[in-house]
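**Q** Structure below; questions to follow.
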């Protein structure tokens, strides 16, 4: 038993480069294996499935029937009643005429109905991207001085967003979105909410002049410098609306069944505001109104796309940043819903749908749109509140509203219904909204944004992970005090830095044997575990590569030094070093060279190096780099227990060891 | 035995933030535990050790004696004979008067003798950094049109290099150097060698006009456009010298004992060149000579440091890049030697010594210096050739020379000897070198650089790791065809990208039981391993955090889907999912939330989630984030075998399972 017939390590020939490369690419770009359904089909069926894969319309339309339509009609109308106040409000936030907000809720839903794969997603404009667009484009063209140029640049930026999203989708780079961490998004949303709320002080106080900057200091400065412009009438109306909206939110929290009250509240505010402004001649009392809204459908805007080299850097940049953010949100939502319905959505395919939506939108007087949540019944919402909190809030006025799951849309048809409803609105009802007081819009936006500052989550982050909290604060403070893109980049940069630190310092630990078992565990975590005389067992973290190979070498040598420092007697000297590589999933050239070097150093100290349970990728490279030959195949073990038994057998101080191993037999 | 008295997972209370933070900082910044010797000392001894730690001079000087001095004298003189041709050559490469190359070998060795801790390091100028300086600073100030300004900017850049190195050392950011991978360095050195060699065509062909660009295309263009300036006399002399130098290198490779021939070859070339130029009046035959070299020691240059905002960006940038490269090299050398002598050198402390060396150097008319290798006997060199190859070559003219280990310097005193020898040279011999033909210097540089293009290593990289090869080629081609800093950044960027991909896609695998053992191993790697009915065991890679949490979720769900897709019978359905976290060394908030989400999805599918062997860092955060409570402490297992036994016990299809577990008892 001291030298048992051990389990052999599998030294299969390394896979060819093509095989390994294909496997790596698949894991990197197709982790969700989108084509798995088509593998075992006949050619004709395969073609059909492929077309259905790329244009999901063909998948759901053939099975569509009137009974489904009843649900979609209800859902579509509900969404429209939410999309109108949202469209007008966010267009104001983007500094473009409000009618473009309504245009943006007409064409894109039709496009998504054709190319989009999620059944649970509606499309519309979002607050953060609206402000981001106005901040980025506004730096180059003033919306006040040259509104036409500004509008055209907004269209151009939307076009680039679409191109960027489509390209990323086709290149399957959805992986980029993975780099926006939960903490970054929490901080970014909180910061955005703060600055958007402050922006609304303009509308609430009825200011005429305002700053183009978005940071807290500039905005507060502008508000307080213009105290002579403050209008109490405007402020009073605004506070009443805001109080009403906040009350409906409160009501929904207390009585989830009354969620529909907060769902229709924004529309109520708009209608009440219009009536009030019309009958009270609010304009004469310092309450500004939206002003003329032309009847009619989207005019074409493809001729307005502006590719002047002078403006190109700004529009491309705006397109990139808003594209990434809109995408992150869209994919996150798509996936969350898919989980609930046990249905998987391909994020990269969604991205292509969003891209088409924005490209076609930019041709038809729409500005940036993306997927916003749609339906969820109240009970599910409560249970999943942690996950959905952000998504809901991000969707702005839609926030914390929920359409009953059973009464909700079952297919993408609800987007079609929404599009038709919006068409009717544009054709017949648009002029009615001319009396909407700006202060009502400000109240709607503020109410939505106030919920976005997720204190609980920030406190939670602080408690559980300090570094995550710092990442979150970088985004929060960066967005609030510098600008949205700087805040975002700062936070992503910090998150990447941490990712690199993770791999630069992979935790290694010393293992000891847990009594009465063949298990070896971290001696720090399990103080009961006992070291093995003459054998040092170390577990290395993953991956091993250039950025941590020096560290690993130093760390291993330090363990040996510490171990030998503890004991004074000659017999306690380490004669075997076992490296447990079970957890090491990858290694590079520098890593392997470190092992070679380590072996030389150990040789000079008279310590024998053995490797335990290397994984296939690691073993492949070790074989290719001739490390396997250098230390000999007999130095590879499948389990620590095997390795320890063998080491003990060969230990110089054989007498005591033999006794021990005899004792051990009884245990095992 | 079906539900054995299992080993418990240790749910110790999470460590406090301060403890965890301290431990993390220690691993990140003090992996080599530099103060370990001082821990158990008395206060007075502690103070003494601390002073000795910061100023190693006090450590070795008290024990110094005359018998040691004999070795140091020999070593010091040898180094000097190598430093003179090197100093003159590299100063020409940096486009500054040759005398500054000699100055740079006088003051810095003294500084290093005081603050440096490695006994096996000499200091001097290096080729890559010299060219890098001239490339970066030359872009802003022309060495031909305004040599004074150019020289002052070089001093200023050296000053910033020193400041940067000192700061990094004090902040213990030696970790930065870890991000220069072996592949990056191989490619960078190769590319640098190519462009430095091509630069030497100017000297070899006796050209007067030349380009300031360093890329291959510009340089070859400049050489061939100036065909009318080519001087055959110069070329013939150059080729003779080059052939001689290459022959001594060849000799050293064939007969390691004759290493001293190649060691003194550059000095021989300089002396022969001087004599030849003097007696043959070479200047009249188109062979340019170095020209006047003033007698005397370094003049002060502190008053010339130029902090004009116009030049600041260039000097700071040059300082940063050269600092990083010089440092990487210095630390690599320091550590390699320390390993051989089983003595550990603290890289960060070395960096401070280099920093002081450059700051003081910039005050005393020296330009950038760093640690270059010093001694090694021929046999060791041969054995360690892989490791030392780069280091040696990088050191330029010193390359492939080796001073016998036994006759070599034992203390930093050899640097002092070298300083004194250089002082004597400056005071008395400098004017003699005025006749050195430029073509001799070019031959010395070319010979050193030719060995730098490490074809074997590149082929090796190509065979073992394609991505490493790409990283290497990015540096090689980037340096050759664009510029040194762009090439370096390109390569480092690619290496970082790979590091991020490593952590974005940590390899997960399905485990099966190896027959007749309690081991669970990758089913792909060990085809003999068998799955367990109703239980899916997955091993997750490390770390788990925001950039890979989505991937991990999708991957786990895909494994379940694949598993259930294989079997048609109802009995084969998965009822337990075991996640083996042994290899997961860290996790962040997003990662934990992914686990929470995964649990909800699995619950809805009727699958029970259990965790096997989480490490202390992971368990801490799971407890803080209440994940432990959510799935229950009874779902944590110490080993897969325990977990599987428990799962089998609770499986619905209890009949067949009971039988199996009975069979299993016999095995275990």
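The values are calculated or read from the model by the stated rules, or taken from the named source; none is laboratory data. Since the structure is predicted, the reported quantities are computational estimates derived from the model, not experimental observations. Cβ placement follows ideal geometry from the backbone for every residue including glycine, while neighbour counts extend to all protein chains displayed.
**Q** Out of everything in region A:642-655 that is touching a strand residue (DSSP E or B) at 6+ places or on another chain (Cβ under 6 Å) and modelled with pLDDT of 85 or more, what residue ends up being nearest to the other protein chains (Cβ to nearest Cβ)?
**A** So the residue we want is A:643.
**Q** A further question follows. Looking only at region B:622-641, how many residues end up being touching a strand residue (DSSP E or B) at 6+ places or on another chain (Cβ under 8 Å) and in contact (Cβ under 8 Å) with a residue 40 or more places away in the chain?
**A** Number of matching residues: 7.
For every residue, the table says whether it meets (1) more than 7 Å from chain B (Cβ to nearest Cβ); (2) more than 35 Å from the chain's Cα centre (by Cα).
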{"residue": "A:489", "(1), (2)": "yes, no"}
{"residue": "A:494", "(1), (2)": "yes, no"}
{"residue": "A:497", "(1), (2)": "yes, no"}
{"residue": "A:501", "(1), (2)": "no, no"}
{"residue": "A:504", "(1), (2)": "no, no"}
{"residue": "A:507", "(1), (2)": "no, no"}
{"residue": "A:520", "(1), (2)": "yes, yes"}
{"residue": "A:529", "(1), (2)": "yes, yes"}
{"residue": "A:532", "(1), (2)": "yes, yes"}
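Conditions tested, residue by residue: (1) modelled with pLDDT under 70; (2) in the same structural domain as residue B:427 (by TED's automatic domain parsing).
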site: B:23; (1), (2): no, no
site: B:28; (1), (2): yes, no
site: B:73; (1), (2): no, yes
site: B:85; (1), (2): no, yes
site: B:92; (1), (2): no, yes
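**Q** Which ones in region A:287-320 are crowded, with 16+ Cβ neighbours inside 10 Å and either at pLDDT below 85 or out of contact with any helix residue (DSSP H, G or I) (no Cβ under 7 Å at 6 or more places or on another chain) (or both)?
**A** A:287, A:288, A:289, A:290, A:293
**Q** Does residue B:279 fit the bill of being out of contact with any strand residue (DSSP E or B) (no Cβ under 6 Å at 6 or more places or on another chain), more than 19 Å from residue B:450 (Cα to Cα), in a helix (DSSP H, G or I) and free of Cβ contacts under 8 Å to residues at least 60 places away in the same chain?
**A** In short, yes.
**Q** Also, quick follow-up: Could you list, ordered by first residue, the pairs with Cβ atoms under 9 Å in which the first is in region B:345-373 and under 17 Å from residue B:87 (Cβ atoms) and not assigned by TED's automatic domain parsing to the domain that holds residue B:111 and the second is at pLDDT 90 or above and surrounded by fewer than 22 Cβ atoms within 10 Å (Cβ to Cβ), at least 6 apart or interchain?
**A** Correct list of pairs: empty, since none qualify.
**Q** Being assigned to a helix (DSSP H, G or I) and facing chain B (nearest Cβ under 10 Å) is the filter here; which residues of region A:463-474 pass it?
**A** A:463, A:464, A:466, A:467, A:468, A:469, A:471, A:472
**Q** If you check A:493, A:591, which single one turns out to be surrounded by fewer than 17 Cβ atoms within 10 Å (Cβ to Cβ) and under 23 Å from residue B:504 (Cβ atoms)?
**A** After ruling out the rest, the residue left standing is A:493.
**Q** When the residues of region B:500-530 are narrowed to those that are touching a residue at least 60 places away in the same chain (Cβ under 8 Å) and surrounded by 22 or more Cβ atoms within 10 Å (Cβ to Cβ), which ends up farthest from residue B:179 (Cα to Cα)?
**A** By that ranking, first place goes to B:513.
**Q** Same structure, new question: Can we say residue A:512 is more than 8 Å from every other protein chain (Cβ to nearest Cβ) and touching a helix residue (DSSP H, G or I) at 6+ places or on another chain (Cβ under 9 Å)?
**A** Criteria not met by residue A:512.
**Q** Only one residue in A:553, A:615, A:558 is within 18 Å of residue A:510 (Cα to Cα), within 7 Å of chain B (Cβ to nearest Cβ) and either under 45 Å from the mean Cα position of the chain (by Cα) or without any contact (Cβ under 8 Å) to a residue 24 or more places away in the chain (or both). Which one?
**A** Result of the check over A:553, A:615, A:558: A:558.
**Q** Take the conditions out of contact with any strand residue (DSSP E or B) (no Cβ under 7 Å at 6 or more places or on another chain), part of a loop (DSSP other than H, G, I, E, B) and either at pLDDT below 85 or within 27 Å of residue B:275 (Cβ to Cβ) (or both) and apply them to residue B:424. Does it pass?
**A** Here the answer is no, as residue B:424 does not meet what is asked.
**Q** Sticking with this one: From the set of residues in region B:36-65 that are closer than 17 Å to residue B:351 by Cβ and at pLDDT below 80, which is nearest to the other protein chains (Cβ to nearest Cβ)?
**A** Ranking the qualifying residues of region B:36-65, first place goes to B:53.
**Q** Also, quick follow-up: Considering only residues that are part of a loop (DSSP other than H, G, I, E, B) and within 14 Å of chain A (Cβ to nearest Cβ), look in region B:154-195 and name the one that is surrounded by the fewest Cβ atoms within 10 Å (Cβ to Cβ).
**A** If we take residues in region B:154-195 being part of a loop (DSSP other than H, G, I, E, B) and within 14 Å of chain A (Cβ to nearest Cβ), then B:173 is surrounded by the fewest Cβ atoms within 10 Å (Cβ to Cβ).
**Q** Same structure, new question: Please work out which residue is farthest from the other protein chains (Cβ to nearest Cβ), limiting yourself to region B:600-612 and to residues that are in contact with a helix residue (DSSP H, G or I) (Cβ under 6 Å, 6 or more places away or on another chain) and surrounded by fewer than 21 Cβ atoms within 10 Å (Cβ to Cβ).
**A** Per the stated criteria, the residue is B:609.
**Q** Could you list, in sequence order, the residues of region B:435-462 that are within 14 Å of chain A (Cβ to nearest Cβ) and either touching a residue at least 12 places away in the same chain (Cβ under 8 Å) or buried (at least 17 other Cβ atoms within 10 Å of the Cβ) (or both)?
**A** Hits for region B:435-462 are B:454, B:457, B:458, B:460, B:461.
**Q** Pairs needed: first member in region A:45-59, more than 16 Å from residue A:170 (Cα to Cα); second member anywhere, loosely packed, with under 15 Cβ neighbours inside 10 Å; C-beta distance under 8 Å; at least 6 residues apart or different chains.
**A** A:49/A:37; A:49/A:41; A:52/A:58; A:58/A:51
**Q** Please verify whether region B:126-144 includes one or more residues that are surrounded by fewer than 23 Cβ atoms within 10 Å (Cβ to Cβ), without any contact (Cβ under 8 Å) to a residue 12 or more places away in the chain and assigned by TED's automatic domain parsing to the domain that holds residue B:216.
**A** Yes - at least one qualifying residue is present in region B:126-144.
**Q** Among A:432, A:477, A:496, which is touching a residue at least 12 places away in the same chain (Cβ under 8 Å), assigned to a helix (DSSP H, G or I) and outside the structural domain of residue A:134 (by TED's automatic domain parsing)?
**A** Criteria check complete, one pass: A:432.
**Q** Suppose we keep only residues that are more than 10 Å from residue B:415 (Cα to Cα) and at pLDDT below 80 within region B:109-119. Which one would you say is surrounded by the most Cβ atoms within 10 Å (Cβ to Cβ)?
**A** Top of the filtered list is B:117.
**Q** Looking at (1) at the interface with chain A (Cβ under 7 Å from one of its Cβ atoms); (2) over 23 Å from residue A:617 (Cβ atoms); (3) not in a helix (DSSP H, G or I), can you tell me which one residue B:597 breaks?
**A** Failed condition: (3).
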